[in-house]
1. For a bin width of 20 Å, list the pair-distance distribution of chain A built from all Cα-Cα distances, rounded to whole %.
2. Would you please state the base-10 log of I(q)/I(0) at q = 0.13, 0.17, 0.25 1/Å for segment A:42-110, with intensities from the Debye formula using one equal scatterer on every alpha carbon?
3. State the antiparallel share, in %, of DSSP beta bridges confined to chain B, rounding to the nearest 5.
4. If contacts are Cα pairs under 8 angstrom and at least 6 residues apart, what is the relative contact order of chain A in percent?
5. For chain B, build the charge dipole from Cβ charges (+1 Lys, Arg; -1 Asp, Glu) around the Cα centre, then report which of B:V120, B:F186, B:T243 sits farthest towards its positive end.
6. Would you mind checking the pairs B:K103/B:K335; B:K103/B:K334; A:K117/A:K382 and listing those with alpha carbons more than 20 angstrom apart?
7. Lysines near A:K202 by alpha-carbon distance under 20 Å, same-chain residues fewer than 8 away left out - which ones?
8. Just from its helices, what would the mean residue ellipticity at 222 nm be for the protein assembly as shown, if runs of 4 or more DSSP H residues each count -39500 (n - 2.57) and the sum is divided by every residue, rounded to the nearest 500 deg cm²/dmol?
Amino acid sequence: MLFTQIEFLIFFVAIFVAVWVTRGRATRNAILLIASYYFYAYWDVRFCGLLVLSTFVDYFVAIEIDRSDDPIVRRRWLWFSLAVNLGVLGTFKYFDFFIESAAMLFASAGLHSHTLKLILPVGISFYTFQTLSYTIDVYRRQLKPTKSLLEFAVYVAFFPQLVAGPIVRARELLPQLAVVPDWSSRRCYGGFQQMLRGAVKKILIADRLAEMVDVVFAGPELYNSLTVWIAVIAYAGQIYYDFSGYTDIAIGAAKMLGYQFPPNFRHPYLATSIAEFWRRWHMTLSRWLRDYLYIPLGGSGGSAASTYRNLMLTMTLGGLWHGAAWTFVLWGVVHGVVLCLERALRDFSRFRLPMLAHWAITIVIVLFAWVFFRSPDMQVAKACFSHMLIPSSGIAWYPPLVLGAIACMVLEHLAWRTKLRFAMRLRADQWYSPVVTTVMIWALLVYAPQGFLPFVYFQF
Amino acid sequence: MTKLLVAKWFIGAVVGTALVAVSSPLFVRSYVPSRIDSLRQVVVPANGHQYRWRSEGYATTRIGPHGMPGLEQLPAQKKPSEIRLAIWGDSQAEGVSVEDRFKLHSQIEPLARTEQLNVVALPLARSGDDLGDWLAQIPRVEEPLGVDAHVLFIAELSDLTDFVPVAINKSTLVTQNQLASTVPSFVIQAARNALQHPDGTQKRFRFSLGPVRRSEPRLVPALVKEVDGDLWHQVAERIRLATGKDVYIVYAPVLPAIVTSGAHVPKSRIERADLNDQSFRKLRQSAMEFAINVIDVRPDLIASADANRWPHGFHNGRIGEGHLNATGYRVVAKKIVNELANPPAR
């Protein structure tokens, strides 16, 4: 079920009413659990088993880890959880990729690949990271395991964040599930506005941009340089509005049900370095990678060489997390290399460029990296780069709606930069709020491209 | 406080709706009432209305007499040297994606003047029409409109293979007219978006559990349709039976076509070959037997695209795909005028 479908609207209204008319905590959580499993099974009922497996394994493993004071026993339980979670993720997401890559590597030796052709369960990367963080936090004694299986099951499967995040940590959500939230019309209104904003981002901006992006990336060699550049910028807009739109709907929906999620985006294209970009882009993934991968690897505590190694490993694996393809790996590698360069420049040079130059360099790197991210294979990425770097003739296509959406993105970032963001909050008592809200609802109904496109991050 | 807030929101909602209503003509297509034309006996948009098209191309069409798009008035009296050309076709010939001055009939007339021809082109094409509809109307309009020759514009050969005209559903027409004349276009568009799929079929909401089985995409593109020579013989015979005037079949398929990579296409490419070429040759042969002229616009369309002037598609749609644009209509108009100026020797 997509957040932008009418079915979701009906489903959400039913759940909203149900959770606010019930009084008991257990009943409320049971409703949320049933709703979340229905939400997941609506896509494919067969994969609910994986959710159940992940829930049971980490619920009981965390209790066993907490119960024991023996470091060996604790470590064994942790490894068991890691093996199950990463094993499931590896099988469904990466098995075919590694087999095909190995077969390509040894093709000359006559090795043939036998892939499983498994369907990637939606949201598996997200809920696996959530359950892992819970078990690791318990192992590190940063969190006491919950005694309630129901609350833990809701934490793993909670529908607003189940399929594409934000990656909420147990210590953020479990305490909220342990109480019945108080009704707050202000919070509910805020959640509604955020959901509406997310729908506008997704349906009116991202999906419009996708209409050009999909066509040009299907055959960049057919188009002239300017068209390819516009398509790449459009993709930067598409993925931002698609994912941040999804996040807004997720956070807004949770807010309307009485729960608080962490923010996931802070205008990433304002970043003046790649390090800052990662503090603004998919923030819940960044902090997960930092806390559960980069720091355990040693972080920046050792020598310069070890720091670079840790950065490269983290970003490469971060790229691979997004998808089982070499293009995603390269996207991670590009970000890793630039992060290392930034660190080296900071540590070994006093030379500083003006802020605007830093921003321009960052945005160009981000755009070039997005080419890897969007390209279905290396040939397409190569064709894109060749048309971006060498002026080339071809079909000239300049869609006004796409250019308008890009202008919206620039203006929105500028407004944020120039502190005009207060106007975006649409407080209920402001005179312009009902006008803007009505216009947004009509715009969604009238100007939406017919047919719904799935969210980009659903495939991860 | 609550009452004030409710009042504020009510007024705000009204103002917001008014803003959308005022600005929507810039972005939303219009829904104009239709009527059954007494001469043509088909449903056409009512005379004097303006029809906005906004999704592919960006144009406003003035509806003229007998529902002719882009022709405001019929010339009062036919001059002796005048050639009246009836243009039949579907949406590709109708041309609502371009402004009136760029439509096919508008481009034929000035080009004909450069060839010392006095041509009045009558745009009789309607979206969704095919041979059955044209053959039914041709005898009705020839005498009253003073038609000297007919142009059958076809983008797909299959347009010629259906001999049955579309029946008029009067009750649907009444409902649609009531809606078009009472409900603002943006409201109709909103309802259509919510309740219909892009192809116009009713949306069905699903609340059952997944997965949903999807049908496999067809390997063979739908446009590949071999038609045997006997059928083309029948087609030509029926056309000839419908009129004794000159007939020009104008063949202008979507060529070159941009084939986008996908499940069954490994690499995107520009396709210049017409998959229906064999069929077209048979059609041409049959047409010649009945003294029907066939104008093949394919080489001119391809040459135009090769010069980076794509005849199909729009910037606010997709270049190289969809309906003819102003350039495309000019290419077709030139070819028709050239044929009129230099008739083939029989």
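1. Over chain A, the share of Cα pairs per 20 Å bin runs 22, 56, 21, 1 percent.
2. Cα-only, vacuum Debye calculation for segment A:42-110: -0.56, -0.74, -1.03.
3. Details: 13 of 33 bridges.
If I count the DSSP bridges inside chain B, around 40 percent turn out antiparallel.
4. Details: 582 pairs, mean separation 85.5, N = 460.
So the answer I get is 19 percent.
5. Positive-end residue among those listed: B:F186.
6. Values: B:K103/B:K335 15 Å; B:K103/B:K334 13 Å; A:K117/A:K382 27 Å.
Distance filter (> 20 Å) returns A:K117/A:K382.
7. A:K255
8. On the way: 30 runs with 433 residues, N = 806.
Here the helix-only value at 222 nm equals -17500 deg cm²/dmol.
Every read-out reported here was derived from the displayed coordinates using simple, explicitly stated rules and does not represent laboratory data. Just so we're clear, the structure is a prediction, and the values are computed from it rather than from any experiment. Cβ: placed from backbone, ideal geometry, glycine included. Neighbour counts: every protein chain shown.
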